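Engineer: Before anything else, here's the structure in question.
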Amino acid sequence: MIQDIDIADLKKITELIQVKYGYDFRNYAMSSFKRRMLRILELKSLSVESLLKKLQEQPTFIDEFLDELTVNVTEMFRDPGFWRIIRDEIIPGILLNHKQFKIWHAGCSSGEEVLSMTIVLKEMGILQDVQLYATDLDTTILEKAKQASYPIKNMELNEKNYIRYEGKGSLKDYYKEENGKAVFDKSLLQNVTFRKHDLVKGEVFNKFDLILCRNVMIYFNQTLQNEVLKKFHESMFKYGYLAIGSKESLIWCEVANKFLVVNNEEKVYKKIKD
Ligand SMILES: C[S@@+](CC[C@H](N)C(=O)[O-])C[C@H]1O[C@@H](n2cnc3c(N)ncnc32)[C@H](O)[C@@H]1O
């Protein structure tokens, strides 16, 4: 088992991925990046040299590699209090100005967050009026998100979160059990566009009334977080909302004075200046 990996080896791997595949991990937070890299070496029984060779010679390996490198942990209605704020304050705030609006889930992982949003919108009777975009760097996880089918063992936590969120019914109203999976009603995803998007490259592809990027920037260093937050600001309509993870913050970043804190505990902000 490999106990450690030095900076020079990490640099060799990141450079190869950047040059050959165009993914730039130089500004990811070092400690978690290193832990993930060690985990891949152990999981695949590879040395640094054999990993470099595999990345160099087997282009198909890159998707599997990215899937292991990124942290995909997620839940439905993660932080139920946050979802109550979305339903009771944020969406009513958006509806004051427009009946139809757009939401971006950046770093959507396997889709539980966007699925939760569609359930919130359905229960508010406005799902048909909202366009949702769900993006991630990891194409393997995006495919899972499109399926909206999850191991039934995950549903206990999801159901608990939904009850704490105080939804209108039961989460069971939205899925069928098939071969040990909870298969969600596909009509929930009718207005969701899934697409690959790399926050590091920072392409601005649309303008949104609400952006959720929760538990993603925690894996970036401050330089990258700052760049990503500037792009989010650019991708939002004035008076739009930005929600980040409860352990994340934007008060220190360059665009901080262009936002108002709406809820400090759940890290919801409102864009007040262009
Ligand atoms: C921990 S999950 C967060 C999922 C969900 N937002 C939540 O809070 O439950 C982090 C996600 O960010 C994605 N990610 C990491 N780096 C990214 C990048 N550069 N661009 C887009 N997504 C990225 C990962 O692939 C992963 O699916």
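Where a number appears in this text, it was derived from the coordinates with a stated rule and is not lab data. Being a predicted model, the structure only gives us computed values, none of them experimental. Please note: Cβ atoms are built from the backbone with ideal geometry, for glycine as well, and neighbour counts cover all protein chains shown.
Engineer: Toward the positive end of the charge dipole of region 7-69, about the Cα centre and with charges on Cβ (Lys, Arg +1; Asp, Glu -1), which of I17, M30, S47 goes farthest?
Structural biologist: Selected residue: M30.
Engineer: How much space per residue, in cubic angstrom, does the convex hull of the C-alpha atoms of region 80-271 take up?
Structural biologist: Working: hull volume 21.3 nm³, N = 192.
Output value, Cα hull per residue: 111 Å³.
Engineer: Where does each of 247-254, 263-270, 225-232 land if you order them by average Cβ count within 10 Å, highest first? Each step should come with its number before you reach the end.
Structural biologist: On the way: 247-254: 14.6, 263-270: 18.1, 225-232: 20.4.
Top to bottom by mean Cβ count within 10 Å: 225-232, 263-270, 247-254.
Engineer: Mind checking the angle between helix 155-165 and the chain's longest principal axis? C-alpha axes, 0 to 90 degrees, to the nearest 10.
Structural biologist: Between helix and principal axis, roughly 40 degrees.
Engineer: Could you work out how much longer the chain between M124 and I7 gets when fully extended? Use 0.36 nm per residue separation minus the Cα distance between them, nm to one decimal.
Structural biologist: On the way: separation 117, 0.36 × 117 = 42.12 nm, distance 5.04 nm.
So the chain would gain 37.1 nm between M124 and I7.
Engineer: Here's a follow-up. In nm, to one decimal, how far is the K201 label point from the K44 one, both placed 7 Å along Cα→Cβ?
Structural biologist: Roughly 2.1 nm, to one decimal.
Engineer: Related question: Where does helix 48-57 land angle-wise versus the long Cα axis of the chain, in degrees 0 to 90, nearest 10?
Structural biologist: Roughly 70 degrees, rounded to the nearest 10.
Engineer: Follow-up question, since we're still on this one. Rounding to the nearest 10 and keeping the result within 0 to 90°, find how far the Cα-based axis of helix 112-123 lies from the longest principal axis of the chain.
Structural biologist: 10
Engineer: Given a Förster distance of 30 Å, report the FRET efficiency between Q58 and Q147 from their Cβ-Cβ distance, rounded to the nearest 0.05. Intermediate results must be reported in sequence, preceding the final value.
Structural biologist: Working: r = 26 Å, r/R0 = 0.86.
Calculated value: 0.70.
Engineer: Same structure again: Pull out the extension gain between N97 and D24, defined as 0.36 nm times the separation in residues minus the alpha carbon to alpha carbon distance; nm, one decimal. All intermediate terms of the calculation are to be shown ahead of the outcome.
Structural biologist: On the way: separation 73, 0.36 × 73 = 26.28 nm, distance 3.83 nm.
Full extension from N97 to D24 adds 22.4 nm.
Engineer: If N is the number of residues in region 7-69, what value comes out of its Cα radius of gyration divided by 2.2 N^0.38 Å? List each step's numbers first, then the result.
Structural biologist: On the way: Rg = 10.6 Å, N = 63, 2.2 N^0.38 = 10.6 Å.
The value comes to 1.00.
Engineer: Sticking with this structure for a sec: Using 1/(1 + (r/R0)^6) with R0 = 30 angstrom and r between the beta carbons of L16 and E234, what's the FRET efficiency to the nearest 0.05? Please report the intermediate quantities before stating the final value.
Structural biologist: On the way: r = 31 Å, r/R0 = 1.03.
For R0 = 30 Å, the calculated efficiency reads 0.45.
Engineer: Over 23 Å between Cα atoms, which of K99/K122; K99/K196; K122/K186; K102/K238; K168/K196; K160/K207 qualify?
Structural biologist: Result: K99/K196; K168/K196; K160/K207 exceed 23 Å.
Engineer: Also, I was wondering about something else. What is the Cα centroid distance between region 78-133 and region 234-274, reported in whole angstrom?
Structural biologist: First find each Cα centre; the distance between them is then 17 Å.
Engineer: What residue among L132, L38, L242 shows peak mean-square fluctuation when the chain is described by a Gaussian network model with Cα springs under 10 Å?
Structural biologist: L38
Engineer: Further, regarding this structure: What's the extension gain from R35 to N154 if we count 0.36 nm per residue and subtract their Cα-Cα distance?
Structural biologist: Working: separation 119, 0.36 × 119 = 42.84 nm, distance 2.49 nm.
Answer, rounded to one decimal: 40.3 nm.
Engineer: Rounded to the nearest 5, what % of the DSSP beta bridges within the chain are antiparallel ones? Intermediate results must be reported in sequence, preceding the final value.
Structural biologist: Details: 15 of 34 bridges.
Bridges in the chain are about 45 percent antiparallel.
Engineer: Something else about it: Would you mind getting me the FRET efficiency between E178 and N72? Use the beta-carbon distance for r and R0 = 30 Å, nearest 0.05.
Structural biologist: Details: r = 23 Å, r/R0 = 0.75.
Using R0 = 30 Å, I get an efficiency of 0.85.
Engineer: If packing is taken as the mean number of other Cβ atoms within 10 Å per residue, what is the order of 97-103, 174-180, highest first?
Structural biologist: Details: 97-103: 15.9, 174-180: 12.6.
Put in order of decreasing packing, that is 97-103, 174-180.
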